[in-house]
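Just so it is clear, none of the values below were taken in a lab; they were calculated from the coordinates. A quick note: this is a predicted structure, and the numbers were derived from the prediction, not measured. For neighbour counting, all protein chains shown are included, and Cβ atoms are generated from backbone atoms with ideal geometry for every residue, glycine included.
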Amino acid sequence: MRAGENADRNPVWVWLRQVAVMTIKEFPQLVRDRPVFAYILFIFTLDIIIAAGQSVELNNAKVIINDADQSRLSRELVYRFRAPYFDVAETNLHPDTALEWLDRGAATLLVDIPPDFSEALSRGDEVALVQMQIDTSIANVGFLAASYGSRIVGGLSQEIAADRLSTAGSVPSINNQRRVRFNSDINESWFSSISELLAVITVACIFLPSVAMVREKERGTVEQLLVSPLSPFQVMFAKVFAMMIVMLIGTVVSLFVVMQPLFDVPVRGSIALFFALTGLYAFASAGIGMLAATFARNTGQLGMLLMLIVFPIILLSGLWVQLEAMPAWLRQIMDLTPLRYFIDIAYGILLRGVNLNIIVDSVLKMTAIGVVLFGLALWRFRRQFSS
Amino acid sequence: MKLKRVLVVAQKEAREIVRDRIYFALAFLLPVVLMLVFGYGMTQEVQNVPLAIVDLDRSAQSRDYAYRFIESRYFDFKGYVDSVRAAEPLLLDGDARAVIVLPEHFQERLGAGLPVDIQTLLDGTFTYRLRTVDGYIEAINQAVSGELQTRYLVEQAGLTVERAQLALQPLRVETRYLYNQELREIWSIAPGLVMFVLTLTSPLLMALSVVREKETGTIYNVYASTITRAEYLAGKLVPNVTVSFINGSVLVLMAVWYFGAPLKGSVLFFLGAMFVFVVWATSLGLLISVMVRTQMAATMITVILVMVFVMQFSGLMIPVSSMTGANYVIAHLVAPMHFNDIVTHTFLKGGGFVASWREFAALVVFMIGFLVFGYLLFHKRSAT
């Protein structure tokens, strides 16, 4: 008897080897399906680049300014509507034409400076009014245009006031000195590239293993697996484990080939911790897909079921929408998604440079949700195939 | 192309959709549920921002100042903190997104008519929220500062309140919001969601319906039969377009009746544009299905494409006017952006064909292009 044979019969060893074999089987399946391979390549590179280039900031919003006053002060005001927020498209249009521009969407903002503007200012016995008309059919753009527009007018107003009051001695004022933590240059691509990375990991982890699972169910190959000496847990675990490895490789590529060199996204915390928790997150989200897979009989059903789950998760877990601004019932549902916690974890480690102590709460909750999802999926999976 | 044969395929396809009860239910339920969830959830407003305050002055006036933030609905006051050092951990783990620091001698200096610098520390991880929060703080600070100055001028210089206000704010802006006078967010979100949900749901139905036949092998029956490519594809498109168009109509009704968005423009034009869009979305599914062999690939590619279209380029989440470079060009090359334009115009601006014929023409071009491509790429023999 050789010494190795004992080790071969060790149940733990056998179990691990079975899982390993099953895991390895998944890779050729992924790579051989070329469209799926192309998909994985796309989500971790080009897709991140697209998202990182996006901005929700007001950018060269088209303004029409009708300056009926044509004084030094009115021209000063016109001058202040400028890049990066605004771009004066036209001045002194006929009011009807100007409104038609707004109607067509050719301009967002129409500013009217009345003829007695500078006169009213120099007399100083009444407020000089500037009128703004804003296209708010796209609410977020309209809101930003309104707020930046009033800031420009407000700023000029303050300067004029300060100028006059300076002769009258000092006046108290409260000045706000702003300091931005963790992203002092307010680099939008840091936020949007990380956000997109989390989104694509979520989609891939929920979809890929569960579709693979249902495919085996549809084709009957899952029965083959189940009459083999493998436990349902091993079958499921192997699928997800393979997925997790693919996701980790993808994240490495994304972070070090795309995000760091192109957009200077920092890694301020422990990179090992980040990858460990990304792996954990891959498991937790795969649990959602696996549970859904036990409810679906074919890929069509599963595809729709997952769409129902995935899009709300991606949009409403805190990446696109601020959780605190949502209705309470919806927020409570979102508290059950692993992504909600992984957002804290990922941004925490990458941008805020936190250690495990600070995010331990999120890590525990994410793990607990993952375990419950997997447990439920396994239980249903077993029940379906034991009869 | 014989109509009869198209109808036979269509009938078979329709039966297949109806027979799978769960699939059938989901096909109609999915858009409605997504519309409801996003209608309630998709707000770009920022409020209840967790806030901590460091009050180093502990005077009546500094407490008054802090209170203006505490009572604001935009902030969710998490409590006073003793020092800036003690406030940093709150920012680190997200318990506070903003910290306001009021310096010592706050009251004393203001009483003496001197300027005071307060400090705000903001969490910069979520950039777009940061700007809004910064705007809120600035606005409240300006308001308090203005009141203080008015009172000072009234007491010290003996001006009337009106004169004091005029001296402090000689210039004012009067704002009118067009098309959405009360700035109701749901008015622009709900119509946009019609585009959004249709883009998400329509392509998948079609993509799976062709690839399923490839995977199960029933497609060989089609290859072997006398039916032409055009007849087969048309037969596949009809039931799927019908399902999506019904869904679209339900979404419009939900936007108007449930979420209260106004449909000011021509309903007929809108339905026409929606039909063209739905055919485009369905042929996107067709195009994907002829290029892949497995349902897994079809699902993954459909999902990522619609996600990129709808979230990055449709103009609903990220305004097209803010895009630069390649992204601005790409946005114009995808149909959802043009349909989103039509949606905003017809719902809120009361437009019709005259206002949106360019976008409509673009949609028609996209639709025809995708149909032709799908047709050309679909062969009655598999490539291998």
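The residues neighbouring A:Leu376, those whose beta-carbon lies less than 15 Å from its own, together hold a net charge of +3 under the Lys/Arg +1, Asp/Glu -1 convention. For segment A:267-331 versus segment B:339-378, the inter-centroid distance based on Cα atoms is 33 Å.
Expressed as an acute angle from 0 to 90° and rounded to the nearest 10, what is the orientation of the C-alpha long axis of helix B:127-152 relative to the principal long axis of chain B? Relative to chain B, helix B:127-152 is tipped by roughly 30 degrees. Using C-alpha pairs below 8 Å separated by at least 6 residues, the relative contact order for chain B is 19 percent. Partners of B:Lys12 within straight-line reach, counting lysines whose Cα lies under 22 Å from its Cα and excluding those fewer than 8 residues away in the same chain: B:Lys2, B:Lys4, B:Lys214, B:Lys236, B:Lys380. Taking a sphere under 12 Å around the Cβ of B:Tyr232 and counting the other residues whose Cβ falls inside, with K and R at +1 and D and E at -1, yields a net charge of +3.
Within the listed set A:Ile194, A:Ile309, A:Ile174, the Gaussian network model of chain A (springs between alpha-carbon atoms below 10 Å) gives the highest mean-square fluctuation for A:Ile174. Mean separation of Cα pairs under 8 Å and 6 or more residues apart, divided by the residue count, gives chain A a relative contact order of 17 percent.
The angle between the Cα long axis of helix B:60-70 and the main principal axis of chain B comes to about 10°, on a 0 to 90 degree scale. Give me the mean projected area, in nm² to one decimal, of the convex hull enclosing the Cα positions of the protein assembly as shown. Computing the convex hull of the Cα atoms and averaging its projections yields 38.5 nm².
Whole-Hz Karplus values for segment B:364-372 come out as 4, 4, 4, 4, 4, x, 5, 4, 5 Hz, taken residue by residue from phi with 6.51 cos²θ - 1.76 cosθ + 1.60 and θ = phi - 60°; glycine and proline positions read x. Residue by residue, segment B:33-42 carries 3J(HN,Hα) couplings of 5, 4, 4, 5, 4, 6, x, 7, x, 7 Hz when phi is fed to the Karplus relation 6.51 cos²θ - 1.76 cosθ + 1.60 (θ = phi - 60°); x denotes Gly or Pro. For segment B:266-277, putting each phi into the Karplus relation 6.51 cos²θ - 1.76 cosθ + 1.60 with θ = phi - 60° gives couplings of 6, 5, 4, 4, 4, 4, x, 5, 5, 4, 4, 5 Hz, in residue order, rounded to whole numbers and with x for Gly and Pro. When the Cα centres of segment B:8-71 and segment A:20-38 are compared, how far apart do they sit, in Å? About 36 Å separates the Cα centre of segment B:8-71 from the one of segment A:20-38.
Averaged over the residues of A:51-63, the number of partner chain Cβ atoms lying within 10 Å of the residue Cβ comes to 5. Protection proxy ranking of B:350-359, B:202-211, by the mean of other Cβ atoms within 10 Å over each peptide's residues and highest first, is B:202-211, B:350-359. For peptide B:313-324, the mean count of partner chain Cβ atoms within 10 Å of a residue's Cβ comes to 6. Of the DSSP H helices in chain A, those with a Cα length along their own long axis of 20 Å or more and a mean Kyte-Doolittle hydropathy reaching -1.0 comprise A:11-32, A:139-165, A:188-219, A:232-253, A:271-295, A:299-316, A:356-386. Among beta bridges from DSSP that stay inside chain B, the antiparallel ones total about 25%. The distance separating the Cα centre of segment A:170-222 from that of segment B:145-165 comes to 49 Å.
Note on chain B: the C-alpha convex hull projects to 25.6 nm² when averaged across all orientations.
Evaluated at q = 0.24, 0.28 Å⁻¹, a Debye calculation over the C-alpha positions of segment B:1-57 (equal weights, vacuum) places log10 I(q)/I(0) at -0.96, -1.05.
Of the residues A:Val19, A:Val36, A:Val310, the one that moves most in a GNM of chain A with alpha-carbon contacts below 10 Å is A:Val36. Helical content of chain B, expressed as a calculated mean residue ellipticity at 222 nm, amounts to -21500 deg cm²/dmol (DSSP H runs of 4 or more residues, -39,500 (n - 2.57) each, divided by residue number, nearest 500).
Other residues within the sphere of radius under 12 Å centred on the Cβ of A:Ala120, judged by their own Cβ, net out at -3 (K and R +1, D and E -1).
Largest GNM mean-square fluctuation across A:Met307, A:Met243, A:Met290, computed for chain A with C-alpha springs under 10 Å, falls on A:Met307.
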